[in-house]
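Heads up, the thing below is written out as structure tokens.
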Amino acid sequence: MPDKKWIPQPKKPRTPIPEQKPEERRRNFKEVALGYTPELAIEEAYRCLQCKTPTCIDGCPVGIDIPGFIRDIGEGRFEDAYYTLKKYNSLPAVCGRVCPQEDQCEEVCILGKKFKPVAIGRLERFAADWFMESGKTEDFKLEPPTGKKVAIIGSGPSGLTCAGELAKKGHKVVIFEALHKPGGVLVYGIPEFRLPKKIVEIEVENLRKMGVEIKTSAIIGKLFTIDELLEEEGFDAVFIGTGAGLPYFMGIKGENLNGVYSANEFLTRVNLMKAYMFPEADTPVKIGKKVAVIGGGNTAMDAIRTALRLGAEEAYIVYRRSEAELPAREEEIHHAKEEGVIFQLLTNPVEILGDENGWVRALKCVKMKLGEPDDSGRRRPIPIEGSEFEFPVDTVILAIGQGPNPLIQETQPDIEVKKWGIIKIDESGKTSKKGVFAGGDIVTGGATVILAMGQGKKAAQTIDKYLQSGEW
Amino acid sequence: MYLIKEIKEIAPKIKKMVIDAPLLAKKHKAGQFVMVINTEKGERIPLTIADKNPEKGEITLIFQEVGKSTIEMGLRKAGEHLFDIVGPLGKPTHIENYGTVVCIGGGVGTAPLYPIAKKMKEEGNYIITILGARNKDLFILEKEMEDISDEFYQTTDDGTKGRHGLVTDELQNLIDSGKKIDLVLAIGPAIMMKFVSLLTKKYNLPTMVSLNSIMVDGTGMCGACRVSVGGVTKFVCVDGPEFDGHQVDFDELMKRQAMYKDLEEKALKKLLEELKEKEPCGGHHAR
Ligand SMILES: Cc1cc2nc3c(=O)[nH]c(=O)nc-3n(C[C@H](O)[C@H](O)[C@H](O)COP(=O)(O)OP(=O)(O)OC[C@H]3O[C@@H](n4cnc5c(N)ncnc54)[C@H](O)[C@@H]3O)c2cc1C
Ligand SMILES: Cc1cc2nc3c(=O)[nH]c(=O)nc-3n(C[C@H](O)[C@H](O)[C@H](O)COP(=O)(O)OP(=O)(O)OC[C@H]3O[C@@H](n4cnc5c(N)ncnc54)[C@H](O)[C@@H]3O)c2cc1C
Ligand code: SF4
Ligand code: SF4
Ligand code: FES
């Protein structure tokens, strides 16, 4: 199609994305946002000014040519849009859905100064979905085999991205994944209603088509150590993308009562083990009438909205700071509210109270107020003396954060770690051990999908150089 | 997918399964376990590697049919495949020459006990074994355990074999006889491990137990398996499964083990109904 003249329409309101109605979706696991139609996508694309020096790109951790792919969409060249995205981002269907756009690309879109920013994430999702639904097969341009072999530990976004990049360069890639399904947080953490598992499956299948081998239920540190991979199993390099999967507990009384879950356990039971299908699927999950989730991030929103969908009658988010500090994506907070989640802000649990049979019966909380900003720049919550109160609940889910998985570090002490067991890397992705690279949550602590992918890609470039030159 | 090479009932409702798993057979160390997924929709259940044959590339699991997953697994036939197995998990047992080790196995707990006791024997320990069961038919691995033991005792609740009583009675007897005991290793139902630990605490005998908390992933990422040990929360799957019995909060463990009781019963009922439909005469599992 010949390029039309681009006449931007920035004043048009941001094109809404069709969604399931809150009353319906709060009880089902189908995706909340249904996605743009081609007409809606073109309409939204034309809001973009096609800036000469686009600010949006600076906001994207992988530097996607945003005006480029938006122009492709506006001009109806959806396949081109997909390939433009793919040059920078191997998982556009995922990022379009889960990136915190309001803090990244959309935050710095120039339109945001006067109007609402261009819906970059929704457009990205549209292009990726369109391609998947078109039935077209992706054209992978693979370089000739190099004879080098790379092991990738962990199949989350960092590992998947690193694997894809290395396969393109002609290296033989084997992914080792501890769980029985690949995808990391994308499959065991983020629920179906926000990220359909089909999408992750398609991406994983694409990697297989590129010749990547995926060994599930293979825990490095138990089945093989990294030394064994390098010395006995014939790998020339190893990438560690094991994520931040270690659930934190608060250390308050009553945390081991029945009815208390870590968000990881709760979400893993439901997403990975399909407990929502119990007894058709064998793994059970217990959900009470009154459910409280402690925390305010994406994990907390996912947990509480999952609890609603499993039949909770009352659903609470208990968070110690105020609404402005909630770290979750804006859209998730908005969706949670629409679905009837009640936000107990400036509230901090100090104890979980149980009944005589060892089951949760209430949360003991204290009211908080905000003081001076702390290291993270957020205002520090301070307990208000004498404000303690009891809050009856029968299920408590802790979503207060996760730490790096410790297994690799324990079995491979020659890899240098920082505080909390975070693996230390240099700016190119190298660890302190020759031939070993790392990226994603294992080097940042719990962060975002796109940052993990960015690091996976960066490491892949360094690994490729290392394999070619042999120089460390 | 893992090939089942052999399956047989070794005591009522206790099955032994030999599985083709060369890598696990090679990597396993005494005290470690695996997570088994029977079918695609199955749960991940923890089972100890009871024995292995690295030359043949085989591992042996011994499990008691207590609920839906284990009953369904017991119905599998040689030549079929298990959906998945992951391992070896947990910390291997710390094995050294302690001197005299009393190995106590309760019920199916003898299965996880056997590989550890065997290794302890190889290290030169003097092994005194006490196996306990409700009645004489419920013992497993009797011969295997006897072969590696320097002294071998059995107790039954109903007196049909060995001492009429509990494993703690036999242990008390040993203590009273003035025998020098350097380590007690107890594996069995939580209630048994609790009472063994209470007894040995009185005499300050170092005691190791292997806990069977409910698990999901078995890799340290969910916290389902948490227990209080010495007032600190530990994850059985990565910090254990073995702990100092004197430090474990067994009452909490038992409460947590019962967390899904109602749902487990529901799943079991459904399974039994399905089995009945397949086998109109009732089938041997229908109760
Ligand atoms: C519930 C939830 C919701 C989230 N929502 C969002 C969101 O909306 N937007 C966003 O940008 N980010 C979100 N995040 C954060 C994001 O998912 C992570 O930052 C990202 O997945 C990190 O990717 P990763 O590749 O580093 O690790 P992970 O995705 O954690 O994957 C690591 C993988 O490594 C495997 N592994 C670990 N140890 C071993 C081993 N020893 N051997 C073999 N395999 C091993 C694990 O099983 C896992 O599959 C969310 C996180 C959670 C938990
Ligand atoms: C480290 C470890 C090693 C074990 N080794 C053995 C072994 O060698 N042989 C053996 O017979 N049993 C062993 N068990 C116990 C075994 O895992 C359970 O009996 C089994 O999971 C029951 O599943 P079910 O569906 O048949 O029964 P269910 O009806 O689900 O439950 C029956 C009982 O089993 C326990 N249980 C249920 N689900 C789990 C789970 N996911 N994880 C742990 N316990 C659960 C519950 O406390 C419950 O009371 C071990 C457990 C652990 C933690
Ligand atoms: S990858 Fe994320 S940050 Fe980058 S353009 Fe897409 S939605 Fe924005
Ligand atoms: S800054 Fe906004 S308007 Fe400008 S090119 Fe980027 S998306 Fe378009
Ligand atoms: S079973 Fe999940 S952490 Fe132990």
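FYI, it's all coordinate maths here, none of it is from the lab. Being a predicted model, the structure only gives us computed values, none of them experimental. FYI the Cβ positions are ideal-geometry reconstructions off the backbone, even for glycines, and counts take in every protein chain you see.
Brief remarks follow.
- Database remark: amide H of A:ILE175 closer than 5 angstrom to the amide H of A:ILE152, A:GLU213, A:ILE214, A:LYS215 (H placed geometrically; neighbours at sequence offset of 5 or more, or on other chains; Pro and chain starts carry no H).
- Fewest-first ranking of A:HIS335, B:HIS81, B:HIS94, using other Cβ atoms within 10 Å as the exposure measure: B:HIS94, B:HIS81, A:HIS335
- Treating r as the C-beta distance of B:ASP176 and A:GLU410 and R0 as 30 Å, the FRET efficiency rounds to 0.10.
- Proxy reagent accessibility, fewest Cβ within 10 Å first, across A:CYS51, A:CYS99, B:CYS103: A:CYS51, A:CYS99, B:CYS103
- A Förster radius of 45 Å, combined with the Cβ-Cβ distance separating A:TYR83 from A:ILE382, puts the computed FRET efficiency at roughly 0.30.
- Antiparallel %, DSSP beta bridges [both residues in the range B:1-154], to 5: 70
- Gyration tensor verdict on chain A (Cα atoms; rounded if a/c is under 1.5, prolate if a/b is larger than b/c, oblate otherwise): oblate
- The alpha carbon gyration tensor of the range A:396-472 gives principal lengths a ≥ b ≥ c with a/c of 1.5 or higher and a/b no greater than b/c, which makes the shape oblate.
- Expressed to the nearest 5 percent, the antiparallel share of DSSP beta bridges inside the range A:305-366 is 65 percent.
- Annotation: aspartates and glutamates with alpha-carbon distance below 16 angstrom to B:LYS179 (same-chain offsets under eight excluded): B:ASP150, B:GLU151, B:ASP169, B:GLU170.
- Sequence-ordered 3J(HN,Hα) estimates for the range A:119-130 from the Karplus curve with 6.51, -1.76 and 1.60 and θ = phi - 60° stand at 7, 4, x, 5, 5, 4, 4, 4, 4, 5, 5, 4 Hz, glycine and proline given as x.
- Cβ-based exposure ranking for A:PHE437, A:PHE140, A:PHE389, B:PHE195, in which fewest neighbours within 10 Å come first: A:PHE389, A:PHE140, B:PHE195, A:PHE437
- Once the Cβ-Cβ distance of B:LYS266 and A:LEU353 is raised to the sixth power relative to R0 = 30 Å, the FRET efficiency obtained is 0.60.
- Over chain A, dividing the summed -39,500 (n - 2.57) contributions of all DSSP H runs of at least 4 residues by the number of residues returns a 222 nm mean residue ellipticity of -9000 deg cm²/dmol.
- Additional length obtainable on full extension of the chain from B:LYS26 to B:GLU40, 0.36 nm per residue less Cα span: 2.5 nm
- 5 angstrom amide H check on A:ILE397, placed H, neighbours 5+ away: A:TYR261, A:ALA292, A:VAL293, A:ILE294
- Anchor A:LYS418: lysines whose Cα lies under 27 Å away (excluding residues fewer than 8 positions away in-chain): A:LYS222, A:LYS430, A:LYS433, A:LYS434, A:LYS457, A:LYS458, A:LYS465, B:LYS91, B:LYS234
- Residue-wise HN-Hα couplings along the range A:386-391, as the Karplus relation 6.51 cos²θ - 1.76 cosθ + 1.60 with θ = phi - 60° gives them from phi, are x, 9, 4, 8, 9, 9 Hz; Gly and Pro carry x.
- Of the beta bridges in chain A, as assigned by DSSP with both residues counted there, near 40 percent are antiparallel.
- Cα-projected label distance for A:GLU205 with B:GLU146, points at 7 Å along beta-carbon direction, nm: 5.8
- Size descriptor, Kirkwood hydrodynamic radius, that averages inverse alpha-carbon separations across chain B, Å: 19.5
- Residue-wise HN-Hα coupling along the range A:132-143, computed from phi with Karplus coefficients 6.51, -1.76, 1.60 (Hz; x: Gly, Pro): 4, 6, 5, x, 6, 9, 6, 9, 8, 8, 9, 7
- Distance between the 7 Å Cα→Cβ label points at A:GLU23 and A:GLU143: 5.8 nm.
- Taking 19 Å as the cut-off, the amide N atoms of the range A:20-64 that come nearer than this to a point 7 Å along the Cα-to-beta-carbon line of A:LYS113 belong to A:47-60.
- Fluctuation leader among B:SER228, B:SER210, B:SER197 - chain B, Gaussian network, Cα springs under 10 angstrom: B:SER228
- Gyration tensor verdict on the range A:245-359 (Cα atoms; rounded if a/c is under 1.5, prolate if a/b is larger than b/c, oblate otherwise): oblate
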